[in-house]
Amino acid sequence: MANLLSYVLFLALRTFAAPPEWPGGSTSDPRDSGNDTVVPSLVPPPGTSKHAPHSIIIGVRKGGTRALLEMLDIHPGVAAAATEVHFFDWDENYAKGFEWYQDQMPYSYPNQITVEKTPGYFTSPVAPARIHAMNSSIRLLLILRDPTERVISDYTQVYFNRLENHKPVQAIENMLVKNGALNTRYKAIQRSLYDVHMRNWLQHFPLEQIHIVDGDTLIHDPLPELQRVERFLDLPPRIMASNFYFNQTKGFYCIRSDGQERCLHESKGRPHPPVNSTVLRQLRLYLRQHNRNFYRLIGRTFNWQ
């Protein structure tokens, strides 16, 4: 009986003991229990609390936001929100108030930064002002890829979603062309006008607060892009080459962390449909000037066709 009581007391002390130190901080390794994207729990770990995000991945849709968040979540100093919150771009959520928004964040330790990602923020006309009103010094992450490829990826996602929900689908050419001309009002094209949306953000935030991640490079060589993000967020360098491995079957890099391996959901990296070459040229030609405008805005170029 005495042995049983001693064992129960040991378990209780172990449960409520102060968390051990982890490299670069004063509290326990938050990967063990502080990040609800890894170990969801109804009971918050001792010493944790919820905070408004220190950084937000603002987009762009089909630019690689999920990959960026999953890869950044390797870092023990990051607590990542489990879902897209859509607080600043959806009026019905914004009306719920800031306390509701903060409650959607994960529990984090004092030496962690909280990161939320909602791709719809970048193209939202109201999100920049709303985020600025919450925190004018917040650090923003914007991941972009070739805008033409992004349009096709956007169509591909909608196409498969409609198939899964037994809804009618159309060929991509029917979406891209209307009355014999490029359908520039097509939402997928509108989302790829990076210069238009960037001007809106630069009215509220200086360029120094918006770090642009090359989504095309992240796919082929993730480490250098993530190291740049670490520096932008003032995080100690913790992400290493050993955290990634190339999955030959999927055709992209997967994550190795805490002795486990994981890849993005099967809905990511779906093959794109072939596009009529004439229509594809029209699309690229239309986006080319917008790309040049964007390059001038940010003082940087990309290898986009």
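Summary of values
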quantity: Heavy-atom accessible area order for 118, 83, largest first, 1.4 Å probe; calculated: 83, 118
quantity: Whole-number accessible area per residue in Å² for the range 160-210, which is evaluated in the context of all protein chains at 1.4 Å; calculated: 62
quantity: Reciprocal of mean inverse Cα separation for the range 242-305 (Kirkwood radius, Å); calculated: 15.3
quantity: Approximate spin-label separation residue 187-residue 258, in nm, with each point projected 7 Å along Cα-to-Cβ; calculated: 3.5
quantity: Net charge of neighbours whose Cβ lies under 15 Å from the Cβ of residue 237, counting Lys and Arg as +1 and Asp and Glu as -1; calculated: 0
quantity: Cα Rg, Dmax, the range 112-235, angstrom units; calculated: 17.0, 53
quantity: Loop sites in the range 158-191: trypsin sites (Lys or Arg not before Pro), DSSP, at most 13 other Cβ within 10 Å; calculated: 185
quantity: Whole-percent carbon and sulfur share, accessible surface of the range 154-305, 1.4 Å; calculated: 49
quantity: Most to least accessible of 134, 71 (protein chains only, probe 1.4 Å); calculated: 134, 71
quantity: Other-chain or far-sequence residues with amide H under 5 Å of residue 139's (modelled H); calculated: 56
quantity: When each of 167/250; 96/187; 62/250 is checked by Cα-Cα distance, pairs over 21 Å; calculated: 167/250; 96/187
quantity: Whole-angstrom Cα spans of the range 201-285 along principal axes, big to small; calculated: 48, 43, 18
quantity: Shape call, the range 212-253: gyration tensor on alpha carbons, a/c limit 1.5; calculated: oblate
quantity: Where labels lie 7 Å past Cα in the beta-carbon direction, separation of residue 245 and residue 138 in nm; calculated: 3.7
quantity: For residue 130, net neighbour charge (Lys/Arg +1, Asp/Glu -1) across residues whose Cβ lies under 11 Å away; calculated: -2
quantity: Cα Rg over Rh - the range 94-170, Kirkwood; calculated: 1.07
quantity: Solvent exposure ordering (accessible area, 1.4 Å, most first) of 281, 150, 292; calculated: 281, 292, 150
quantity: Coordinate range along principal axes, alpha carbons of the range 36-141, Å, largest first; calculated: 39, 28, 24
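The values are calculated or read from the model by the stated rules, or taken from the named source; none is laboratory data. Note that this is a predicted model, so its numbers are computed, not measured. No Cβ is skipped: glycine too gets one built from the backbone with ideal geometry, and neighbour counts run over all protein chains shown. Keep in mind that these areas ignore ligands, DNA and RNA; they rest on the heavy atoms of the full protein, side chains included. Shrake-Rupley method; radii C 1.70, N 1.55, O 1.52, S 1.80 Å.
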